[in-house]
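Here's the structure we're looking at; comments come further down.
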Amino acid sequence: MVQVWYNWYLNDRLVESEKRPTFPAALLKRGDRVLLEAVPYDGKLAGVTLRSETVTVDNTPPSITRVGVDLKSDERGDRLQAFVEASDLDHDIPQFLYRWTKNGYVIKESEEDFLELTEVKPRDLVVAEVRPRDKQSAGKIVRSDPYTVGNSAPKIVSSPPTSLGQNGYEYAVKVLDPESDSVNFRLAVAPTGMAIDQTTGNIAWDIAHVKPGVHRVKILATDEQGGFSFQEFELTVAASESSKPDP
């Protein structure tokens, strides 16, 4: 039985560790020169050595070692973020194309590395498929593990007025829920006479008979899946703003 010995030369130097018929692309970079020698051997004698032409490597595409998906919060709110670990042997700066799938269906394909939570709902399975590329060629697509979407709590995005009107206090509480769930409002802590509409979040407070001083308020916003957030603040009622004198 005839065997074949393979000798790989990289930039005119023999690569002792590589004896297979294929050469690892990870060992190459743009501009490298590669040559292969093939030597037949029947167990007793070696045959005539055949040499390939020298090949110059034009470009090695970037490669991805890991892709992950996680929830990220910043000044723009909560969203799903893809995290990519990649390398390029030619020291090019790789770019990435992201394909987002939800429950097996493609819902977004772009260079953006994030997915808004308005695109998904709790218990959806989200996968990010990422293809790296440099200016000359594209690498292999790598997929993240499936990410199971959980519920995101509503966020109170309005700021309470700090001044009191002549006849009382009004505040329209505004919330943002990533899944567009309905939100219920209640006052966890409030001074006597203050009320909030459970559906709209509108607060009204008649201060005509309120004692002067500092009054603490805590608003609780809860969505239909149990996610919640709260907002706390204090209001100061001066003696001149209340018809009831200090005791």
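The values are calculated or read from the model by the stated rules, or taken from the named source; none is laboratory data. Owing to the predicted nature of the structure, the values given are computational and were not obtained by experimental measurement. Here the Cβ is made from the backbone with ideal geometry for all residues, glycine too, and neighbour counts use every protein chain on show.
Before moving on, here are some points about what is shown:
- Under the condition of being assigned to a loop (DSSP other than H, G, I, E, B) and exposed (fewer than 15 other Cβ atoms within 10 Å of the Cβ), the residues counted in segment 194-207 number 5.
- Apart from one condition, residue 126 fits all of (1) part of a helix (DSSP H, G or I); (2) at pLDDT 95 or above; (3) of a type outside the set (Lys, Arg); the exception is (1).
- Pairs linking a residue in segment 161-183 that is closer than 23 Å to residue 75 by Cβ and modelled with pLDDT under 90 to a residue that is among the charged types (D, E, K, R) and assigned to a loop (DSSP other than H, G, I, E, B), with Cβ atoms under 8 Å and 6 or more positions apart or on different chains, are 179/121; 181/224.
- Boolean, residue 223 is among the acidic types (Asp, Glu) and modelled with pLDDT of 95 or more: no
- Filtered by the rule that a residue be of a type in the set (D, E, K, R) and either under 14 Å from the mean Cα position of the chain (by Cα) or surrounded by 19 or more Cβ atoms within 10 Å (Cβ to Cβ) (or both), segment 114-130 gives 116, 119, 129.
Quick grid of which residues meet (1) without any contact (Cβ under 8 Å) to a residue 24 or more places away in the chain; (2) out of contact with any helix residue (DSSP H, G or I) (no Cβ under 7 Å at 6 or more places or on another chain); (3) not in a loop (DSSP other than H, G, I, E, B):
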| residue | (1), (2), (3) |
| --- | --- |
| 23 | yes, yes, no |
| 31 | no, yes, no |
| 37 | no, yes, yes |
| 68 | no, yes, yes |
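- Enumeration of residues in segment 208-227 that are outside any loop (DSSP other than H, G, I, E, B) and either of a type in the set (Gly, Ala, Ser) or under 17 Å from residue 159 (Cα atoms) (or both): 213, 215, 216, 217, 218, 219, 220, 221
- Residues of segment 70-109 that are acidic (Asp, Glu) and not in a strand (DSSP E or B): 75, 88, 90, 92.
- Those residues of segment 129-178 which are acidic (Asp, Glu), over 16 Å from residue 96 (Cβ atoms) and in a loop (DSSP other than H, G, I, E, B), in sequence order: 145, 177
- Sole residue being modelled with pLDDT of 95 or more, among the hydrophobic types (A, V, I, L, M, F, W, C) and outside the structural domain of residue 95 (by TED's automatic domain parsing), chosen from 48, 67, 34: 34
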